[in-house]
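One structure below.
The values are calculated or read from the model by the stated rules, or taken from the named source; none is laboratory data. Keep in mind that this is a model prediction, so the values were computed, not measured. Cβ: placed from backbone, ideal geometry, glycine included. Neighbour counts: every protein chain shown.
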Amino acid sequence: MRALISVSDKRGLIPFAKGLLELGFEIVATGGTMRLLEENNIPVTYIEDVTGFPEILDGRVKTLHPNIHGALLARRDLDSHMQALKEHNITPIDLVCVNLYPFKETIAKEGVTLPEAIEQIDIGGPSMLRSAAKNNASVYVVCDPNDYERVLEALKGNDDNSKFRLELATKVFEHTAQYDSMIATYLASKANRDEKIFVNGKKVMDLRYGENPHQKAAFYQLGDNTSYSLASAKQLHGKELSYNNIQDANAALMITAEFDEPFVVGLKHMNPCGAAIGNDVVEAWTKAYNADPVSIFGGIVATNQVITKEVALLMKPIFLEVILAPKFEDDAIEVFAKKKNIRLIEVDMSKFKNEKQYVSVHGGLLVQDFDSKANTLTINAEMTVSKKKPTEEQVRDLNFAWKIVKHVKSNAIVLAKDGVTCGVGAGQMNRIGSLKIASDEAKEFKHNEGLVLASDGFFPFDDCVRFASENNVLAIVQPGGSVRDEDSIKACDELGMVMLFSGRRHFKH
């Protein structure tokens, strides 16, 4: 039996090669792999001795040869194929172990050039993998070091391993498809082409069901994003996440990404129901909870701070579905230990990767740049369009409300004071409807003095200004851009209110 090994990822290779030797395999290898095997006293045949042709073009050509691909593609059940191998003195290859040039790692390096990236496009590796995978009825094909033990165990037995070989072959085509799409995406970015997109997803988990019990669902990780993603988060406690939990938790994470200071948000149905900044996590939680202690019941909480025992004790009496944080102290986890259903999720919040945003529609996909923190303008007094100017305190609160409102379903209104949401109106068919909801909420929880207002879109009429004035709002920030902007500005001047135009909207559908 003959095995061909050519790997760039050499994890676990030596034990695997020794296992193949013990099973009677002759090992054929390419340059770097051969040297490593020889250094570990493992007998190896150099690829040149099989092809009868030297590596050329700085290693670009070494395995593209009939002695390799004939040995891989020959069907063992066809006499004509086996006779052809015999006539051309080709020894069959029964196992291929190949992983590809590190293209992904190369393009991730800062300052990498196009020629450097192109040199890491593997040609021979995918060709060998595909040949072996096509002939999986006769050839074991291994592209993942995590499969080495399973392959050795399968080789030791005398059972029919056709199902396992098919699984390995499937993994190969998934691997090469992902590799090729990564290259195509990178080159397309350099060539300014966007006619096609490639979405690579790896299943993280099957879900019990989707939005409703009759819908099947699963959770996939796209690409290799390891920061600010639930796909790479670590669950420390509680039952598995549901489809709706993941949607809500992701929305909470995106709001949290806006803030550097200690921040806590409570969220229901992908909209914030209470959010606050504070001197520490305890103060931020207390303010966020008191902003709307009713809606947070059964909600999601996210913070950019470590969950301590002190704040855990404050959270414990409240029915919460999920708590997300960069870290949980051990004694904080113990506080929640008896609450079997609450999910505690640690998420790496060290770096937000600004990727494309994908939204599925029936039979299609919408793709856009993510409306990230970098797109959130800093609100300042120079944006004032009313006669009256904002105070420094109002500017701080307008900035806070502006960061929150971009994450509220449009039409969106956020009322705030002292770095706390006082009322949130979301997803109404007209803007004043959202304002009325936010105002009612502010009244219910006694947030009724010196408020500021942020709107994700312009005011088409002055009715929102007048209603806001009647409900204790002193300052407003909105994008501007309506043909009737002047009506709203005049109303502010008449009522002694402050109005700022950001010049940028933040619709969220």
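Within segment 4-35, being at negative phi, surrounded by fewer than 21 Cβ atoms within 10 Å (Cβ to Cβ) and in a loop (DSSP other than H, G, I, E, B) holds for S8, D9, K10, R11, L23, F25.
Taken as a whole, the condition of being polar (S, T, N, Q), crowded, with 16+ Cβ neighbours inside 10 Å, farther than 22 Å from D77 by Cα and assigned by TED's automatic domain parsing to the domain that holds R76 applies to S127.
The residues of segment 348-382 that are under 22 Å from K406 (Cα atoms), assigned to a loop (DSSP other than H, G, I, E, B), touching a residue at least 24 places away in the same chain (Cβ under 8 Å) and of a type outside the set (S, T, N, Q), listed by number, are M349, K351, F352, K353, E355, D371, L377, I379. Within segment 129-144, being touching a His at 6+ places or on another chain (Cβ under 8 Å) and either in a helix (DSSP H, G or I) or of a type in the set (K, R) (or both) holds for L129, S131. Scanning segment 171-208 for residues that are in a helix (DSSP H, G or I) and polar (S, T, N, Q) turns up T176, Q178, S181, T185, S189. The set of residues in segment 489-509 being farther than 17 Å from L415 by Cβ and assigned to a helix (DSSP H, G or I) consists of I489, K490, A491, D493, E494. Would you confirm, using the coordinates I've provided, whether S410 is among the hydroxyl-bearing types (S, T, Y) and either under 22 Å from N290 (Cβ atoms) or in a helix (DSSP H, G or I) (or both)? It is false that S410 is among the hydroxyl-bearing types (S, T, Y) and either under 22 Å from N290 (Cβ atoms) or in a helix (DSSP H, G or I) (or both). Among the residues of segment 441-460, none is identified as surrounded by fewer than 16 Cβ atoms within 10 Å (Cβ to Cβ) and modelled with pLDDT of 95 or more. Is there a residue being on the phi < 0 side of the Ramachandran plot, part of a loop (DSSP other than H, G, I, E, B), surrounded by 20 or more Cβ atoms within 10 Å (Cβ to Cβ) and out of contact with any Gly (no Cβ under 7 Å at 6 or more places or on another chain) anywhere in segment 427-440? Taking every residue of segment 427-440 in turn, none turns out to be on the phi < 0 side of the Ramachandran plot, part of a loop (DSSP other than H, G, I, E, B), surrounded by 20 or more Cβ atoms within 10 Å (Cβ to Cβ) and out of contact with any Gly (no Cβ under 7 Å at 6 or more places or on another chain).
Taken over segment 36-79, the residue count meeting the criterion of being surrounded by fewer than 18 Cβ atoms within 10 Å (Cβ to Cβ), of a type in the set (K, R) and over 26 Å from E153 (Cα atoms) is 1. Taking segment 434-448 as the range and being touching a Leu at 6+ places or on another chain (Cβ under 9 Å), free of Cβ contacts under 8 Å to residues at least 40 places away in the same chain and farther than 14 Å from V405 by Cβ as the test, the residues that pass are S439, A442.
Every test in (1) part of a loop (DSSP other than H, G, I, E, B); (2) without any contact (Cβ under 8 Å) to a residue 12 or more places away in the chain; (3) touching a Pro at 6+ places or on another chain (Cβ under 9 Å) is passed by E110 save one, and that test is (3). For segment 448-476, a residue qualifies if it is in a helix (DSSP H, G or I) and either touching a strand residue (DSSP E or B) at 6+ places or on another chain (Cβ under 9 Å) or more than 19 Å from E393 (Cβ to Cβ) (or both), and the qualifying residues are D463, C464, V465, R466, F467, A468, E470. For segment 80-100, the candidate set comprises residues that are free of Cβ contacts under 8 Å to residues at least 12 places away in the same chain and surrounded by fewer than 16 Cβ atoms within 10 Å (Cβ to Cβ); within that set, the residue that is nearest to E119 (Cα to Cα) is N89.
Yes/no matrix, rows are residues, columns are (1) under 19 Å from P145 (Cβ atoms); (2) touching a helix residue (DSSP H, G or I) at 6+ places or on another chain (Cβ under 9 Å); (3) assigned to a loop (DSSP other than H, G, I, E, B); (4) modelled with pLDDT under 85:
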| position | (1), (2), (3), (4) |
| --- | --- |
| K86 | no, no, no, no |
| I93 | no, yes, yes, no |
| C97 | yes, yes, no, no |
| I118 | no, yes, no, no |
| S127 | no, yes, no, no |
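Can you spot a residue in segment 439-454 that is outside the structural domain of V294 (by TED's automatic domain parsing), under 21 Å from C492 (Cβ atoms) and within 31 Å of the chain's Cα centre (by Cα)? For segment 439-454, residues outside the structural domain of V294 (by TED's automatic domain parsing), under 21 Å from C492 (Cβ atoms) and within 31 Å of the chain's Cα centre (by Cα): present. Any residue at all in segment 229-241 that is modelled with pLDDT under 95, closer than 27 Å to L114 by Cα, of a type in the set (S, T, Y) and surrounded by 14 or more Cβ atoms within 10 Å (Cβ to Cβ)? For segment 229-241, residues modelled with pLDDT under 95, closer than 27 Å to L114 by Cα, of a type in the set (S, T, Y) and surrounded by 14 or more Cβ atoms within 10 Å (Cβ to Cβ): absent.
Looking at this structure, is G223 in contact (Cβ under 8 Å) with a residue 12 or more places away in the chain and under 21 Å from K409 (Cα atoms)? It is false that G223 is in contact (Cβ under 8 Å) with a residue 12 or more places away in the chain and under 21 Å from K409 (Cα atoms). Only residues that are closer than 17 Å to N399 by Cβ and either among the charged types (D, E, K, R) or touching a helix residue (DSSP H, G or I) at 6+ places or on another chain (Cβ under 7 Å) (or both) were counted in segment 477-509, giving 9. Of the residues making up segment 393-402, not a single one is surrounded by fewer than 19 Cβ atoms within 10 Å (Cβ to Cβ), over 39 Å from the mean Cα position of the chain (by Cα), not aromatic (F, W, Y) and not assigned by TED's automatic domain parsing to the domain that holds T286.
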